[in-house]
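Here the structure is laid out as structure tokens; the discussion comes afterwards.
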Amino acid sequence: MAFGMGTMLTGVDHLVIRCSNPIDLIDTVRTELDVPILIPAREYDDFCSGIVRLGNLDIEFLRLGTENIPIPYFYGISFASAEGIWNTASWLKTLQIPHTLPIHTSIVRDGRQWGWSTILLDGFLDNPIPAPYSVGVLSGDGLIARGASAFSTTLMKVPVMRRLMSSKGGDSMCLICHYDQDLSCLRSRATQTLAASGGGKNQISKVASIVIEASHTLTAWEQILPTRQSDSPRLDIQPGVANRIREVVIKTKSSVPISSMYFGDAAFSFQVQ
């Protein structure tokens, strides 16, 4: 079942694969899918992360703290918003969707500071990362909410708090992300690199859809699904027994069938364009 509704969200920003070894796995995926690396995997204070670009979709490889993830899997989905982070929070409150207050995170990479604000959502994927999801609905976007958000952001800069939160990652994460920097040029260069190579050995053109399995969360997904954008993968919500990200469907120009690829439980299938 596929839905599409006009909302404040403009599309999928990125998917997250949770794993124990982002540095090794990102290299394996880059080689097997033959796609460019957007941001090389690197160790930061309390997590390890790297990103590849599949034409029109970023895939992040993430390890929280020092956790051991026996089998990599699709852990999270992040959406982009047409508005600022606080307007987005206000919209979520209007819809009565459980969500956290925005939390700002910053890192230093190659001598530059990178930052982003995140709103976590509840009610979409099974066993989400533990967080105060009721606070967003109760607080909205007023001065008290902004003060609480600033306090939480400051609190998360304390090493012991970061280690505590990174050790409680749940089994999934659904979020809205707003970056301090404009990533469009970086993403465009990676997309052009893939196109210039003819889509690599798998002749990839773009990601056609992301398959989401939903048991009791169909109504929740209907509330937030972005209007279909030409440069954003379609979300294909299918009834199932769990609430999880099941598969990424990639469009290929290859005339020869390409078998699905699995990186742990993270599945990538190919569809002839």
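The values are calculated or read from the model by the stated rules, or taken from the named source; none is laboratory data. Since we're looking at a predicted model, the values are computed, not measured. Cβ coordinates were reconstructed from backbone atoms using ideal geometry, including for glycine residues, and neighbour counts include every protein chain displayed. Heads up: the accessible areas ignore ligands, DNA and RNA and are worked out on the full protein's heavy atoms, side chains in. Shrake-Rupley method; radii C 1.70, N 1.55, O 1.52, S 1.80 Å.
The set of residues in region 5-41 being acidic (Asp, Glu) and in contact with an Asp or Glu (Cβ under 9 Å, 6 or more places away or on another chain) consists of Asp13 alone. Of Ala150, Ala80, Ala131, Ala145, all but one fail to be at pLDDT below 90 and closer than 24 Å to Thr219 by Cβ; the exception is Ala131. If the condition is being in contact (Cβ under 8 Å) with a residue 12 or more places away in the chain and open to solvent by less than 60 Å² (accessible area, probe 1.4 Å), then region 180-197 contributes Gln181, Leu186, Arg187, Ala190, Thr191, Leu194.
Taking the stated definitions as given, is Leu218 out of contact with any Lys or Arg (no Cβ under 6 Å at 6 or more places or on another chain), open to solvent by less than 70 Å² (accessible area, probe 1.4 Å) and under 26 Å from Cys19 (Cα atoms)? Judged against the criteria, Leu218 is not a match. Report every pair of residues separated by at least 6 positions or lying on different chains whose Cβ atoms are under 8 Å apart, first residue within region 106-135 and at positive phi, second β-branched (Val, Ile, Thr) and open to solvent by less than 20 Å² (accessible area, probe 1.4 Å). What qualifies is Gly123/Ile97; Gly123/Thr217.
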